[in-house]
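I have placed the structure first, in the form of structure tokens, so that the comments after it can refer back to it.
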Amino acid sequence: MIEQKQSFDQLPREIKPAFQELNVLKHLNAAGFKKKFGFTCACLFRLVFVLLFHQKNWFRLLESNKGEVFPGKDAVYRFLNHGGYAWRRFLLSLSGETVQRIEKLTSESRETAFIFDDSMFERNRSKTVEMLARFKDHATGAFYKGFRMLTMGWSDGHSFIPMDFSLLSSAKSGINGIMEGIDKRTHGYKRRQEAFCSAPQVISTMLDRAIQAGVSASYVL
């Protein structure tokens, strides 16, 4: 796992070259991921990322023999929930560089496309989740509690690169509203406002951001 004073040394051998080749931490810093004290954002990001490949949850990690060298769960939750961090900017920057590297390896005649997907994100057991809403699953005709997960990716027919994402709520069928006390200047508040927009509006802004980042495609699917 990842300790505070290490950079790439404790990354798994399969992941380390990708982190270095794609300049992951550089994109993280460029997106404004910075802390004044405690564990750095780079350390926390590597820890959460690598945890997925160890097939362990956070509780089991802290209960292990090396649990004392890792940050507490509060530090990780604050990092993941911080409204000032631009996760969207980080993903778009990282994905844009990845697409540029892939395009050099493929033929210029190959067709590319932006692919959008609008899927269910169920939270049927939840009651107090912020901006929780009720939606209808048009495949089954049943209603569910949760969100609509709108994602955008770039594809050349063989590779798929995630580019953008948005959790959509509903003003008409909402169960819970926006949490009070949110700083309206933060990225988190802007994402909350976006959640009440229609899918076509969000798709249009996603395409604009991708084009401004230098990523293009022949079609939109």
| Gain in span if fully extended, GLU14 to PHE121, counting 0.36 nm per residue against the direct Cα distance | 35.5 nm
| Dipole magnitude of the chain about its Cα centre, charges +1 at Lys/Arg Cβ and -1 at Asp/Glu Cβ only, in debye to the nearest 20? | 820 debye
| query | Between TYR77 and GLN193, what FRET efficiency comes out of the Förster formula 1/(1 + (r/R0)^6) with R0 = 25 Å and r the beta carbon distance, rounded to 0.05? | reply | 0.60
| request: Treating only the Cβ atoms of Lys and Arg (+1) and Asp and Glu (-1) as charged, compute the dipole magnitude of the stretch 119-171 about its Cα centre; round to the nearest 20 debye. | output: 420 debye
| Which one is right for this structure if Rg and Dmax of the Cα atoms in Å is calculated from it: (1) 18.5, 58; (2) 17.0, 53; (3) 19.3, 54? | (3)
| request: Run the accessible area of the stretch 73-164 with a 1.4 Å probe and give the carbon-and-sulfur part as a rounded percent. | output: 51 percent
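At a Förster distance of 25 Å, what's the computed FRET efficiency of ARG101 paired with VAL129, Cβ-Cβ distance as r, to 0.05? Mind dumping the intermediate values first?
Details: r = 38 Å, r/R0 = 1.51.
According to the calculation, E is roughly 0.10.
Using a 1.4 angstrom probe, figure out how much accessible area the stretch 106-221 has per residue, in square angstrom, rounded to the nearest whole.
Details: 7220 Å² over 116 residues.
For the stretch 106-221, the solvent-accessible area averages 62 Å² per residue.
The values are calculated or read from the model by the stated rules, or taken from the named source; none is laboratory data. Remember, it's a predicted structure, so these values are computed and weren't measured experimentally. Methodologically, a virtual Cβ is constructed for each residue, glycine included, from the backbone with ideal geometry; neighbour enumeration extends over all protein chains shown. Areas reflect the complete protein model, heavy atoms only, side chains present, ligands, DNA and RNA absent. Shrake-Rupley method; radii C 1.70, N 1.55, O 1.52, S 1.80 Å.
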